[in-house]
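The structure under discussion appears below in the form of structure tokens.
Derivation of every value follows stated rules applied to the coordinates shown; laboratory data play no part. It should be emphasised that the depicted structure is a prediction, and the values quoted were computed from it without experimental measurement. Cβ placement follows ideal geometry from the backbone for every residue including glycine, while neighbour counts extend to all protein chains displayed.
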Amino acid sequence: MVSMTYRDALRRAIDEAMAEDDDIVVIGEEVGRYGGAYGVTKDLIKTYGPERMIDTPISEPGIVGVAVGAAMTGLRPIAELMYIDFLGMSMDQLANQAAKIRYMFGGQIGVPMVLRTQGGTGRSAGAQHSQSLEGWIMHTPGLRLAMPATVADAYHLLRHSLTLPDPVVFIEHKALYAQKEEVDLDAPALPWGKAAIRRRGDDLVIVTYSRQLRFAMEAAGQLAERGVEATVIDLRTLNPLDFDTIRMEVERIGKAMVVCEGVLTAGVAAELASRITEECFDFLEQPVARVAGEDVPIAVSPALEAASVPGVDLIRDVGERLVRW
Amino acid sequence: MSLKHTADSGATTPMGGSGQAPKDHNSALPDLYRTMRRIRSFEERVGELFVRGESAGSMLHLSIGEEAAAAGICAVMKLQDTFTTHHRGHGIFLARGAEPRRMMAEIAGKMDGYCHGKGGSMHIADMQLGHLGANAIVGGGIPAVVGAGLSAKRKKRDSVSVAFFGDGAMQQGILYESMNMAALWDLPVVFVCINNQYGMGTRIDQATRATNLHERALAFGLNGHSVDGLDVEEVRNRARSIVDEARGGRPGFLAVSCYRFYGHARMDKSPYRSEEEEIEGRKKDPVKFARDRLISEKLAGENALGTLDGEIGKEMDDAIDFAVSAQAPSLGSMFRDVYAEGEPEPEPLKIRLDRVLARN
Ligand SMILES: Cc1ncc(C[n+]2csc(CCOP(=O)(O)OP(=O)(O)O)c2C)c(N)n1
Ligand SMILES: [Mg+2]
């Protein structure tokens with residue numbers, strides 16, 4: 001066991017993958033000399049040089065588009081978008097090109113690239129630097145989507161992403177980079193596409209991912225003090241989505257809530273809740289509760305920012321009401 | 001005289017695949033004429049396919065009038081080179097060695113097409129021929145050649161990647177990001193703008209004040225030129241130095257000026273331009289120009305050319321027949337190739353609904 005941050009786990013995954021696979025190149029703004037806006041790729045340029053740690057101009061559509069072409073011609077690029085909010089600029093290259101190339105071209109070729117980016121609130125970064133846009137990705141067939149919540153998953157999911165034949169969007173949470181955990185990265189990990197049950201209880205299922213897992217776990221601890229035992233599912237990847245694990249737990253327990261940081265309407269929580277309702281209807285004792293971001297842009301005020309996304313208190317209170325209905 | 005394709009070296013295909021390799025094009029005028037004639041005839045048959053109601057939709061963009069750009073530039077590309085095209089890319093793909101039958105079948109949305117009927121005219125691609133894809137997003141295919149150039153450089157493949165696009169894409173930001181990176185990194189990349197004077201109904205001078213298009217490339221440090229697209233030999237000569245220099249790590253840009261003979265797509269009757277203008281524009285016919293020169297320079301006789309034109313016509317008629325009689329893709333193929341082979345396919349809606357509604 002070693003003590004390691006989420007940032008270092010990501011860095012280690014990139015480092016090891018690049019050492020093993022000569023075709024991996026990192027393409028993005030400030031990834032080389034600067035070491036990454038959040039320090040994830042720090043010093044990798046010393047090992048791999050500017051040829052593989054490719055600093056680009058400020059050209060987000062270009063970064064993603066170049067990675068698409070490189071992936072089609074034999075490289076395995078890790079493209080980096082400094083903030084997921086810049087997806088607005090790159091969305092054509094991601095959603096119209098990367099996601100559809102295999103299908104449009106009748107299966108001739110895939111686009112084995114990983115788009116690393118980070119999102120979420122927690123730094124008063126304002127409306128254009130704090131969003132949770134995973135719903136945009138999940139809404140696009142052809143894209144895999146990983147959202148690690150733990151240090152070990154930051155490592156394992158990124159390593160795994162770098163072996164896949166299809167494009168992966170890998171969304172880190174900006175408030176998790178400094179999170180430190182004791183990990184043994186050599187211990188076997190759950191397979192790609194499998195959700196983790198982070199806590200087991202018999203009264204309530206909480207389905208979540210990324211930073212909201214931390215809030216959900218804390219809320220579950222508080223619920224336990226009040227005699228409510230929650231199962232907490234960490235999805236780890238949203239595409240593939242491990243619905244079997246959700247189903248098993250919901251059918252066993254009958255009460256469920258989904259917790260996401262992205263905005264409520266037409267978002268990931270909406271998809272999960274409707275899916276649970278459709279698939280597990282006979283087992284549900286209560287409506288599935290969606291706990292998600294408010295339908296507002298993220299304000300820079302720390303007070304407004306924190307209030308606009310779910311937190312421990314809200315998750316705990318909703319959980320308690322669901323159980324004591 | 002022989003107007004047949006001659007050379008076909010045993011070089012590997014762009015992706016190192018084992019399929020049919022593109023022909024190495026002989027770039028002498030008789031061959032350039034043959035390529036252009038095949039494009040013209042093919043495009044005419046695409047129009048026919050549409051009129052007969054056998055095409056997949058009407059979003060079919062003919063490159064009639066633009067043949068010299070496709071033939072002249074493709075003639076100086078090599079087997080291992082890659083390219084992307086815009087939505088008006090039939091001619092370019094043909095000039096790179098595509099089979100008319102499989103192209104026509106794709107345009108008809110059939111299983112035997114290059115993309116099994118999933119791509120169509122605007123998304124046709126073939127990795128064996130280095131075609132990284134046509135695109136229905138104006139400018140959408142441009143950055144991929146920068147990525148391909150990066151791959152070529154890193155893997156020391158002696159391969160140039162060429163982006164073909166229209167004048168409309170000159171006003172898209174992605175082009176400037178791409179040219180900037182290609183120049184910054186000294187990549188074997190060429191940007192080719194086929195300036196047919198129009199983006200749908202918008203004439204180039206209604207879209208920009210800066211109509212000397214190559215000047216923009218110069219501003220980014222590229223080897224930028226413009227050439228008139230009437231004389232295919234002139235295009236070929238210009239393209240040769242640009243592509244050769246790109247192979248050596250100096251990215252280039254070439255604007256080829258021509259006239260879009262017909263409407264934007266099949267439904268467009270061009271009400272935004274006058275008949276006089278069209279008559280004048282169609283005088284700039286690269287196929288006729290090359291044919292006249294073959295005769296005047298005694299490179300070919302009227303009879304031989306007539307025979308050739310007839311043969312090509314038959315080849316393209318055969319492509320139509322092939323496309324019309326080809327099978328539609330099976331409905332089950334809808335769920336294939338969203339992800340890599342072996343990955344679970346998306347669950348069909350009907351199966352899911354049956355499962356959900358059968359709970360009692
Ligand atoms: C991003 C984008 N915007 C608009 C369109 C609609 N559109 C299709 S073709 C076209 C004109 C393109 O003109 P040009 O690039 O000159 O190519 P041409 O059709 O003349 O070959 C437009 C506006 C599109 N397909 N993609
Ligand atoms: Mg045009």
Report summary line: Ranked output for segments A:283-296, B:161-174 by mean other Cβ atoms within 10 Å, highest leading, reads B:161-174, A:283-296
**Report entry** Theoretical ellipticity at 222 nm over chain B - DSSP helices of four or more residues, -39500 (n - 2.57) apiece, nearest 500
**Finding:** -12500 deg cm²/dmol
Report task. For the stretch B:108-154 and the stretch B:184-245, compute the distance between their C-alpha centroids and round to whole Å. Result -> 21
Query raised in the report: Normalised by the residues of chain A, what does the relative contact order come to in percent, with Cα pairs under 8 Å and at least six apart?
Result: 16
Query raised in the report: Where Rh denotes the Kirkwood radius from the mean inverse Cα pair distance, what is Rg over Rh for the stretch B:140-281?
Result: 1.01
Report task. Determine how many Å³ per residue the convex hull of the Cα atoms of the stretch A:1-120 encloses. Result -> 120
Requested in this report: Determine the shielding of peptide A:74-82 by partner chains: average, over its residues, the number of Cβ atoms on other chains within 10 angstrom of each Cβ.
Outcome: 2
Query raised in the report: Rounded, prolate or oblate: which fits the stretch B:204-297, taking a ≥ b ≥ c as square roots of the Cα gyration tensor eigenvalues, rounded meaning a/c under 1.5, else prolate when a/b beats b/c?
Result: oblate
Report task. May I ask which residue of B:Val76, B:Gly173, B:Leu299 lies farthest towards the positive end of the charge dipole of the stretch B:2-333, with charges of +1 (Lys, Arg) and -1 (Asp, Glu) on Cβ and the Cα centre as origin? Result -> B:Gly173
Query raised in the report: Say the cut-off is 24 Å between C-alpha atoms; which of A:Lys46/B:Lys153; B:Lys110/B:Lys155; B:Lys118/B:Lys314; A:Lys46/A:Lys194; B:Lys78/B:Lys118; B:Lys110/B:Lys314 go over it?
Result: B:Lys110/B:Lys155; B:Lys118/B:Lys314; A:Lys46/A:Lys194; B:Lys78/B:Lys118
Report summary line: Residue-normalised 222 nm signal for chain A, counting each DSSP H run of n ≥ 4 as -39,500 (n - 2.57), nearest 500 deg cm²/dmol, is -10500 deg cm²/dmol
Report summary line: Percent antiparallel among DSSP beta bridges confined to the protein assembly as shown, nearest 5, equals 20
Report summary line: Among B:Asn135, B:Asn212, B:Asn303, the residue with the largest mean-square fluctuation in a Gaussian network model of chain B built from Cα contacts under 10 Å is B:Asn303
**Report entry** Sum of side-chain charges, B:Pro143 neighbourhood, beta-carbon under 13 Å (Lys, Arg +1; Asp, Glu -1)
**Finding:** -3
**Report entry** Whole-number percent relative contact order across the stretch B:186-266, with pairs defined as alpha carbons under 8 Å at least 6 apart
**Finding:** 49
Report summary line: Here, the stretch B:250-307 modelled as identical Cα point scatterers in vacuum has Debye log10 I(q)/I(0) at q = 0.14, 0.19, 0.22, 0.27 Å⁻¹ of -0.64, -0.84, -0.89, -1.04
Query raised in the report: When the convex hull of the Cα atoms of the stretch A:130-261 is projected onto a plane and the area is averaged over all directions, what value comes out in nm²?
Result: 8.6
Query raised in the report: Can you give me the relative contact order of chain B as a percent, contacts being Cα pairs under 8 Å and 6 or more apart?
Result: 20
Requested in this report: Whole Å is fine, so just give me how far the alpha carbon centre of the stretch A:120-153 lies from that of the stretch A:6-31.
Outcome: 19
Report task. DSSP loop (so not H, G, I, E, B), at most 16 other Cβ within 10 Å: list which trypsin sites (Lys or Arg not before Pro) in the stretch B:77-165 pass both filters. Result -> B:Lys155, B:Lys156
Query raised in the report: Taking the alpha carbon gyration tensor of chain B, what are the square roots of 5 times its eigenvalues, largest first, to the nearest whole Å?
Result: 32, 26, 22
Report summary line: Taking Cα atoms only, Rg over Rh for chain A with Rh from the Kirkwood formula is 0.97
Query raised in the report: Taking amide H positions as placed 1.01 Å from N in the peptide plane, with prolines and chain starts having none, which residues 5 or more places from A:Val25, or on another chain, fall under 5 Å of its amide H?
Result: A:Arg76, A:Ile78
Query raised in the report: Once the Cα atoms of helix A:60-72 and of chain A are each reduced to a long axis, what angle between those two axes, in degrees from 0 to 90 to the nearest 10, is obtained?
Result: 80
Query raised in the report: Let a ≥ b ≥ c be the square roots of the eigenvalues of the Cα gyration tensor of the protein assembly as shown; is it rounded (a/c under 1.5), or, if not, prolate (a/b larger than b/c) or oblate?
Result: prolate
Query raised in the report: If you add up the charges near A:Glu249, with Lys and Arg at +1 and Asp and Glu at -1, over every other residue whose beta carbon is less than 13 angstrom from its beta carbon, what do you get?
Result: -2
Query - For the stretch B:222-288, size of Cβ-based charge dipole, Lys and Arg +1, Asp and Glu -1, in debye - result: 300
